[in-house]
Structures are given as C-alpha cells and as structure tokens.
Amino acid sequence: MVAILLGLVILSLVIWLGLLTLRGQFWRLDQQLEVKESPLKSLPSVCAVIPARNEADVLPVSLRSLLLQNYPGNFHIFLVDDRSTDRTAAFAEGVAHALDKAQQLYIISGEALPSGWSGKLWAVEQGLKQAQALTPDYFLLTDADIAHDVNNLQRLVAKAEQEDLDLVSVMVKLRCDSFWEKLLIPAFVFFFQKLYPFRWVNNPKNSTAAAAGGSILIRRTALERIGGIPAIRQALIDDCALASAVKSSKGRIWLGLSNLTYSLRPYNSLQTIWDMVARSAYTQLNYSPLLLLGTVVAMTLIYLIPPLGFILGLLLGNGIIALTGLSTWLLMTVAYFPIVGFYQCSPLFAFSLPAIAFLYTLMTIDSAIRHWQGRGGAWKGRVYSG
C-alpha cells in the first residue's frame, strides 16, 4: 500500500510539473482585453444581438450599459424576446425610452422553437436575420445578464481591427460576492483556462478554440463563411462551438479575461452553481461514459491525491510521501492563486482547490446522471437530452 501511495503522489507531482510547463501557461492572466487602450482607426458598423428569456430583472442594468456604449461608429441593438412571461420586451422599451435611445433598439418577438435547435441559438438566429438587413461589419453576441463597461465595444472592435481577428471574445467577470461564489467561481474560470489555455486559443497555429458567450464580437463575413448559426444550431456549449467553427475555417480568434465587463447573474447558493455546471459538464465530455470515468480518475489523481498523500504520509510516518504530497499541493496552490487574486478573494481559498475539485467532480457525475435520466442540459426552462 505504501508503495502504491508513493507512486500515486509522484505521478501527481509529475502531472502538475507538466501542466505548469507544457499547458500554455494557462494559469497566467496576461490575456486581458483592458491591458492597454487601443484607439480606433476606423469605425466599423456593429449590431448587437441579445437573446432574452425572462430577463426583466437585469435589463435596466445590462441593456442600459449597451445603449450607453462609448462607441462613435454605427451601433444598433436587436433584442429577441424569447417568449418571456415577465414583460421583458416592455422593460427593454422602457430602458431605451428613458435614455432617449429608442431608435437604436429593435425588439423582436421570438417564434416557436423548431426541432433541432437549442433555444438560445434559435433566438440568436432570429436576431441575426433581422440585423443582416443593416449589413453590419460585426455582430456583438451577448447575453442579457451582462453589464458592459462603457468602452467594452470600442475595445473589442479595436482589437479585431488592429489584429485582423474574425472573432474576439472576453470571459466577463462573474459575480463573486457570496461564500459559495468565492469558493467555486474562480475555480470555474481556472478549470476553463486549463481546458482551453488562452494562449493556445489565441495562437493561429494551434487548433485549440474557445470563446465565452457573454461577449463575442464576430465579423459578419466570418459568420457567413462558416454557414451562420445554423451550422452549430444544436450546440449546448455554443460559444466554443462557434469559435471552433471560425478557427477551423482559417479564421483568427482571440479570447481573454475582462476586469470591467461583468455578469449580473447571482450564484448565492451551492445549488445554483451546481446546476450551472451540471447543465453542460457531460456535454463537454461528448456524453461518453469512458470520458466520464477518465475525468473522475484524472480529477482524483491531479487534485485529491496530493493532500491525501500529505495526510497519510504524516500518519504513516513516511516523510517522502508527505513531502511529495505537500509539494504538489503547494504547486497547485501557486497555480490557482492568480485567479483567486483576480477575483479579490482571500488567499486562503487558493489552498482549497482539492476540496473545490472534489465538488466539481461530483457536479460532473451528476451531469451524466441527469443526461441518463433524460433531464439533460437546460436553458431558461427548456431541457435538452443531448
């Protein structure tokens, strides 16, 4: 047993050394949209498309932030009211009229969801069809719960124009106020960065592709080149599917963090975060039981073995096991610390990554169970079995 435990902690240490040196330096925060100000040399036209299903509570903030963008170019907003029951359209109209921006906002009544489409993408498709009439240079695809910094659109367009990018996306700052948010939200971003290292995403020579659906600027010609939204109409992880399609078509993409544009969606309890992860975790594994098993084994080896090795090494009086386990635990803590600091959480949370990883592993297992029970992924009250 001692020999097996020693082998496991050494293997975990080797994996972490590999992650830190060979995985695109995923833990670093150098890929940020607001790192430097980029003046606009041209003024491309932009149409924003917002799928909105029962979003009346956040629109006074999110829609207002879009209508007040400091963008000197031609900019219009198409909000698709996806059969809301909370007067979403009326709230949107009220926000626009209060700002004297009614001429900038188009509200579209969503049609019934056809077979073969996810609800969100069907709403986006309807907005894009209407916006096409203006033949914009870019589309801004954004969620209804995103509060945009006043210069967010200007930075996105400047980034795309100056670096000749077909798609620019930022992972907006998620809300991180409650205990459960502080414990689990930075880790959500950390795991995403590990799965899709931003440096690899932004390297045209690397096939890794990803985007964050809260804020995606895409060139109209690039969207047309991949066949539009119908090409990914069934995707539940639609942002990454869109980025993959663009990059596969030889388009250039960029993904980074934002410290100023943020999500309004609260995650005040473990259950709300659990549901968010369980909605799409098994989809990420392509609904494969083998990949699920591999993920559970990998998460155990990478995140749980080091602290277990440290504790058991102390109990067994084996200094090599204890020291190896502790060293590996410290390595993962160092890797996790930057994103914890980015979210302005206590440094103590950085030491909690093993416990956090255990919870995320349980969420992934639950995601598979939901799929097997026919409860699948969901978006705003709709369930997809995958």
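Out of 219, 225, one residue alone is crowded, with 21+ Cβ neighbours inside 10 Å and among the charged types (D, E, K, R). It is 219.
For the range 38-77, the tally of residues that are surrounded by fewer than 24 Cβ atoms within 10 Å (Cβ to Cβ) and in a strand (DSSP E or B) stands at 2.
Considering each residue of the range 88-106 in turn, at least one proves to be assigned by TED's automatic domain parsing to the domain that holds residue 49, crowded, with 20+ Cβ neighbours inside 10 Å and over 24 Å from residue 70 (Cα atoms). All told, residue 20 meets the bar of being assigned to a helix (DSSP H, G or I), at negative phi, of a type outside the set (Lys, Arg) and surrounded by fewer than 16 Cβ atoms within 10 Å (Cβ to Cβ). Looking at the range 248-267, can you tell me whether even one residue there is more than 15 Å from the chain's Cα centre (by Cα), surrounded by fewer than 16 Cβ atoms within 10 Å (Cβ to Cβ), on the phi > 0 side of the Ramachandran plot and not assigned by TED's automatic domain parsing to the domain that holds residue 56? Checked the range 248-267: no residue is more than 15 Å from the chain's Cα centre (by Cα), surrounded by fewer than 16 Cβ atoms within 10 Å (Cβ to Cβ), on the phi > 0 side of the Ramachandran plot and not assigned by TED's automatic domain parsing to the domain that holds residue 56.
Being in contact (Cβ under 8 Å) with a residue 40 or more places away in the chain, assigned by TED's automatic domain parsing to the domain that holds residue 124 and farther than 29 Å from residue 372 by Cβ is a condition met by no residue of the range 232-239.
Across the range 275-316, the qualifying residues are those that are outside any helix (DSSP H, G or I) and touching a residue at least 60 places away in the same chain (Cβ under 8 Å), and the one among them that is farthest from residue 191 (Cα to Cα) is 287. Considering the range 317-328, the residues that are in a helix (DSSP H, G or I) and either small (Gly, Ala, Ser) or touching a Phe, Trp or Tyr at 6+ places or on another chain (Cβ under 6 Å) (or both) include one that is nearest to residue 14 (Cα to Cα), namely 328. Restricting to the range 317-370, give me the number of residues that are free of Cβ contacts under 8 Å to residues at least 60 places away in the same chain, of a type in the set (A, V, I, L, M) and more than 17 Å from residue 20 (Cα to Cα). Of the residues in the range 317-370, 6 are free of Cβ contacts under 8 Å to residues at least 60 places away in the same chain, of a type in the set (A, V, I, L, M) and more than 17 Å from residue 20 (Cα to Cα). How about the range 38-62: which of its residues are touching a residue at least 60 places away in the same chain (Cβ under 8 Å) and acidic (Asp, Glu)? Listed by number, the list holds a single entry, 55. Of all residues being among the charged types (D, E, K, R) and in a loop (DSSP other than H, G, I, E, B) in the range 111-169, which is nearest to residue 222 (Cα to Cα)? Just the residue, please. Among those that are among the charged types (D, E, K, R) and in a loop (DSSP other than H, G, I, E, B), it is 166.
The values are calculated or read from the model by the stated rules, or taken from the named source; none is laboratory data. Keep in mind that this is a model prediction, so the values were computed, not measured. Glycine also receives a Cβ, built like all others from the backbone with ideal geometry; neighbour counts cover every protein chain displayed.
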